[in-house]
Amino acid sequence: MNAPAEGEQPLTGGAVWTVAEQVGGRLTPVSYELLAWGRQLADKLDALGRKGAELCSVVMGTGLDEGDLRGLILRGADKVYVVESPALERFLARPYTRALERLIRWHKPEIILAGATTTGRTLMPYLAVRIPTGLTADCTGLDIDDETGNLIQTRPAIGGNVLATIVTATHRPQMATVRPRSAVPPPPVDGRQGEVIRVQMDEQLLQSRVERLGFRSLERDEANIQEAEKVVSGGRGLKKAENFALIRELAQKLGAAVGASRDAVERGWIPYPHQVGLSGKTVSPGLYVAVGISGSIQHLAGMRTADCIVAVNNDPDAQIFQVADFGVVGDLFEFLPALVEELERRKPGKGADG
Ligand SMILES: Cc1cc2nc3c(=O)[nH]c(=O)nc-3n(C[C@H](O)[C@H](O)[C@H](O)COP(=O)(O)OP(=O)(O)OC[C@H]3O[C@@H](n4cnc5c(N)ncnc54)[C@H](O)[C@@H]3O)c2cc1C
């Protein structure tokens, strides 16, 4: 199918779209998580009698895995729009925005959801400006207003202390980025039917003024704090970059990923991908150890849902103790080496008594 010229009449309307993400032609988990939200919204719009309330996924890339595209349908999409071009191999703001904009102008969807990932949070603002329409970033809840049919977008605000409800009342499409892992991907339903529609874009449209010179993936340690079952984080209490070795050592002993407060990141002690908090990553591990971190509301916003929080701080009044399950009031420079030594002593095969 060829994309129509600019200004051509819309073919359909009222649909909910999700923007899938791919790496090397394979879809990433957030692509399926978005279907859970999208299906719920499309079904509700349908129940309210909205015409064309179907769920569509848009996939842009090259060498896309056919099974993954079918997988979107098995997991709830009614249609999958596929735009393939070497220019879309990896995310670049301009070609991705242009391709998506062209599809939107043609089909006039009602709602568009993207992941609140680096890609989604870069692509969607570009798009919002070009359409133009509103955009709510980093939503953790979505619903349809029974009376108006508007999208109700919920997101944490003011350091996670309040939940804000936002509507895009007068512009279309209504657009939101959705926090990864805020929904469980729907299970595939064998035999579920849908359409995979290939859209041919003018290569000229996909030209970019940005050239990709190379690609360096993050170190595993840097990338994995959101997936890790255990996270050990360090803050300003560590005093200098070299002392992060204490955090790394403890993390290694516990099989944990290394996190950090913003203060530690801003001092250049550790790179940004490790930052936990409002302007960093949200983590929800089984164990979170906060060392030399005061527990500002912005930091707590990124880790307060951890199952077990252990805090090490020499200030008994530090706010981190208010959320901690276990607190150690003391000097981290004394406590951490002693803890690491004890863990080493208890290692299986070291003759420890457990
Ligand atoms: C819009 C906005 C977004 C932000 N986003 C984030 C974010 O994503 N993540 C984040 O972390 N912050 C964020 N911040 C910054 C936040 O407000 C705090 O400034 C920051 O979290 C403080 O980092 P810290 O706890 O390492 O440092 P501090 O607040 O200085 O705390 C250091 C702690 O170390 C303890 N300490 C000192 N020496 C020792 C020792 N020898 N042994 C044991 N303990 C010791 C002290 O008692 C103190 O409690 C944000 C701020 C704003 C305004």
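The values are calculated or read from the model by the stated rules, or taken from the named source; none is laboratory data. Everything numeric in this text was worked out from a predicted model, so none of it was measured. Backbone-built Cβ (ideal geometry, glycine too); neighbour counts: all protein chains shown. Just the protein is used for accessible areas: all its heavy atoms, side chains included, with ligands, DNA and RNA removed. Shrake-Rupley method; radii C 1.70, N 1.55, O 1.52, S 1.80 Å.
Within region 310-338, how many residues turn out to be aliphatic (A, V, I, L, M) and either more than 33 Å from the chain's Cα centre (by Cα) or more than 12 Å from VAL291 (Cα to Cα) (or both)?
3
What are the residues in region 143-152 that are open to solvent by less than 50 Å² (accessible area, probe 1.4 Å) and over 13 Å from GLU110 (Cβ atoms), if any?
ILE152 - this is the single residue of region 143-152 that is open to solvent by less than 50 Å² (accessible area, probe 1.4 Å) and over 13 Å from GLU110 (Cβ atoms).
May I ask you to say which residue of ARG102, ARG90 is modelled with pLDDT under 95 and closer than 13 Å to LEU206 by Cβ? Break it down into steps so the answer makes sense when it comes.
Numbers: ARG102 fails: modelled with pLDDT under 95.
Every option except ARG90 fails the conditions.
Here is a yes/no grid of residues against (1) among the aliphatic types (A, V, I, L, M); (2) assigned by TED's automatic domain parsing to the domain that holds PRO29; (3) open to solvent by 10 Å² or more (accessible area, probe 1.4 Å):
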site	(1), (2), (3)
GLY61	no, yes, no
LEU64	yes, yes, yes
LEU69	yes, yes, no
VAL80	yes, yes, no
LEU88	yes, yes, no
PHE91	no, yes, yes
LYS108	no, yes, yes
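Kindly indicate which of GLY292, GLY259 is under 30 Å from PRO29 (Cβ atoms) and crowded, with 22+ Cβ neighbours inside 10 Å.
Numbers: GLY292 fails: under 30 Å from PRO29 (Cβ atoms).
Matching residue, one of GLY292, GLY259: GLY259.
When you look at ARG155, is it in a helix (DSSP H, G or I), in contact with a strand residue (DSSP E or B) (Cβ under 8 Å, 6 or more places away or on another chain) and open to solvent by 30 Å² or more (accessible area, probe 1.4 Å), yes or no?
Considered against the rule, which asks whether it is in a helix (DSSP H, G or I), in contact with a strand residue (DSSP E or B) (Cβ under 8 Å, 6 or more places away or on another chain) and open to solvent by 30 Å² or more (accessible area, probe 1.4 Å), ARG155 comes out as no.
Please specify each residue of region 234-250 satisfying the condition of being of a type outside the set (Lys, Arg) and open to solvent by 40 Å² or more (accessible area, probe 1.4 Å).
Matches in region 234-250: GLU242, ALA245, GLU249.
Can you tell which of ILE320, ILE309, ILE297 is under 23 Å from THR140 (Cα atoms) and within 8 Å of the ligand (Cβ to nearest atom)?
From the options ILE320, ILE309, ILE297, the qualifying one is ILE297.
Given the conditions (1) closer than 28 Å to ALA137 by Cα; (2) more than 7 Å from the ligand (Cβ to nearest atom), report the number of the one that VAL276 does not fulfil.
Going through (1) closer than 28 Å to ALA137 by Cα; (2) more than 7 Å from the ligand (Cβ to nearest atom) one by one, VAL276 breaks only (2).
Please enumerate the residues belonging to region 323-334 that are open to solvent by less than 80 Å² (accessible area, probe 1.4 Å) and within 9 Å of the ligand (Cβ to nearest atom).
Across region 323-334, the qualifying residues are VAL328, GLY330, ASP331, LEU332, PHE333.
Does region 295-322 hold any residues that are in contact (Cβ under 8 Å) with a residue 40 or more places away in the chain and open to solvent by 50 Å² or more (accessible area, probe 1.4 Å), and which are they?
Passing the criteria: ILE297, GLN298, ARG304, ASN314.
Considering region 189-218 alone, what residues qualify as being open to solvent by less than 70 Å² (accessible area, probe 1.4 Å) and either under 16 Å from ARG75 (Cβ atoms) or among the β-branched types (Val, Ile, Thr) (or both)? Before you say what the answer is, go through the steps one by one.
Within region 189-218, the subset open to solvent by less than 70 Å² (accessible area, probe 1.4 Å) is 191-192, 194, 196-197, 199, 201, 205-206, 208, 214.
Once the filter is applied, which keeps residues that are open to solvent by less than 70 Å² (accessible area, probe 1.4 Å) and either under 16 Å from ARG75 (Cβ atoms) or among the β-branched types (Val, Ile, Thr) (or both), region 189-218 yields GLY191, ARG192, GLY194, VAL196, ILE197, VAL199.
Quick one: which helices (runs of 4 or more DSSP H) lie wholly within region 30-149 and hold at least 3 residues that are in contact with a Phe, Trp or Tyr (Cβ under 9 Å, 6 or more places away or on another chain)?
Hits in region 30-149: 93-107, 118-130.
Can you pull out every residue in region 257-273 that is more than 6 Å from the ligand (Cβ to nearest atom) and hydrophobic (A, V, I, L, M, F, W, C)? Give the derivation first.
Just the residues of region 257-273 that are more than 6 Å from the ligand (Cβ to nearest atom), to begin with: 257-260, 265-273.
Across region 257-273, the qualifying residues are ALA257, VAL258, ALA260, VAL265, TRP269, ILE270.
Name the residue that is farthest from PRO109 (Cα to Cα), counting only residues in region 165-217 that are among the β-branched types (Val, Ile, Thr) and in a loop (DSSP other than H, G, I, E, B).
Applying the first criterion (among the β-branched types (Val, Ile, Thr)) to region 165-217 yields 165-168, 170, 177-178, 184, 189, 196-197, 199, 210.
Subset that is in a loop (DSSP other than H, G, I, E, B): 167-168, 170, 184, 189, 199, 210.
Values: VAL167: 16, THR168: 14, THR170: 14, VAL184: 24, VAL189: 25, VAL199: 16, VAL210: 29 Å.
Top of the filtered list is VAL210.
Sort through LEU287, LEU254, LEU246, LEU238 and tell me the only one that's touching a residue at least 60 places away in the same chain (Cβ under 8 Å) and more than 13 Å from the ligand (Cβ to nearest atom).
Matching residue, one of LEU287, LEU254, LEU246, LEU238: LEU254.
Can you tell me how many residues in region 45-66 are closer than 12 Å to VAL196 by Cα and in contact with a helix residue (DSSP H, G or I) (Cβ under 7 Å, 6 or more places away or on another chain)?
Summing the residues that are closer than 12 Å to VAL196 by Cα and in contact with a helix residue (DSSP H, G or I) (Cβ under 7 Å, 6 or more places away or on another chain) in region 45-66 gives 3.
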